[in-house]
Every structure is written in C-alpha cells, then in structure tokens.
C-alpha cells in the first residue's frame, strides 16, 4: 500500500510478512532505515528519543545502553518482580471492590491499565519510584463501605481518587502524541 501525504515523499506499507521480515532482518539499515514518519509523530514530545534516531553512531551508542533490557536476566530479576508486585496489588484492589460490590459487577479495565503502568514505572525507574497510578484508586476504595442494595445487575461505580501529578502528566503526553498522530501534517501540529 502507498500513502501520499502532502509535502512528503510517498510512504510504502508492506503487508506481506515474508517480505517485511526480509527487509527488517537482512536489508536494514543498508537499504532501508527507520521511517521519518515516526520522527514526525514524536518530534514535539520526544525530540531526542532513541526511537527517533536513524542508524548512525548516536543510535549505536544508545542501543548499547539499552541492549540488556530484554535479556532473560533483566526480565527475570527486574521486570518480573515488579509485574508480580503490581498483580498482587491489583488482586488486593479487586478483593476490596468485590466485598464492597456484594456480588454486583464493576469495570476492571481501568484497574488493569493502571497496574500495568505501575509495573512499567517500577522496572523503568526502580522499586522505590514514589508515583503510582493504582494507589490513589486503592486509597479511595479502602474508605468505602458496602453499598446499599440497588439493582443487582447494575455495575458499581467506584471512586477513582486523586491522580498522581507525575502519572497524570505522563498520560497527558501520551494523549498529545495520539492527537498529533491523527493529523495530516504531524510535524506542523
């Protein structure tokens, strides 16, 4: 598929798995390098981010810094304990919500998102990182009493708590990138 954006060279999207694999495994960066489209998308929010660099000395230096982040030892010793801790926090929150809801349903998707975000914060910044997406919800729910019986099939709406300002700023940054992605000329937005 070819995409023609105003004032840009055409963009080719390869949908064939074997061809895309061949390009990525054998012909990058000799014939193909990172797309400038990604740079246009993230330029305002992350101007010097590793993901935006084209192949060169700076890219190779930063890649050396990051290469161990997907190693089995990092995943086992650093990422997994943080993911486990957040999964336990999530279970504790759901147990509290289940007691308060007395058998009524409640939306759990936001809780999963916040627990996953906290897990990423934990292995990116260390276990002593003081900011949490899930903790304000846990604090708000801990103070609630069992709800009076109303409609047994209606979902329970729980308090969210005051969002941590660092977490809120991170989510605003992500929302800004999403908004820019939907424009015709991302670099000008």
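The values are calculated or read from the model by the stated rules, or taken from the named source; none is laboratory data. Since this is a predicted model, take the numbers as computed values, not measurements. No Cβ is skipped: glycine too gets one built from the backbone with ideal geometry, and neighbour counts run over all protein chains shown.
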Looking at segment 101-124 only, could you name the residues that are under 14 Å from the mean Cα position of the chain (by Cα) and on the phi > 0 side of the Ramachandran plot? none
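Can we say residue 140 is over 18 Å from the mean Cα position of the chain (by Cα), at pLDDT 90 or above and closer than 24 Å to residue 174 by Cβ?
Here the answer is yes, as residue 140 does meet what is asked.
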If we take segment 27-115, then helices (runs of 4 or more DSSP H) inside it with 2 or more residues that are under 30 Å from residue 140 (Cβ atoms) are 80-101
Considering 61, 68, 16, which residue is modelled with pLDDT of 80 or more, farther than 27 Å from residue 175 by Cα and over 25 Å from the mean Cα position of the chain (by Cα)? 16
Quick check, is residue 51 touching a helix residue (DSSP H, G or I) at 6+ places or on another chain (Cβ under 9 Å), more than 30 Å from residue 107 (Cβ to Cβ), without any contact (Cβ under 8 Å) to a residue 24 or more places away in the chain and surrounded by 11 or more Cβ atoms within 10 Å (Cβ to Cβ)? yes
Count, please, the residues in segment 126-151 that happen to be farther than 23 Å from residue 79 by Cβ, assigned to a loop (DSSP other than H, G, I, E, B) and touching a helix residue (DSSP H, G or I) at 6+ places or on another chain (Cβ under 8 Å). 4
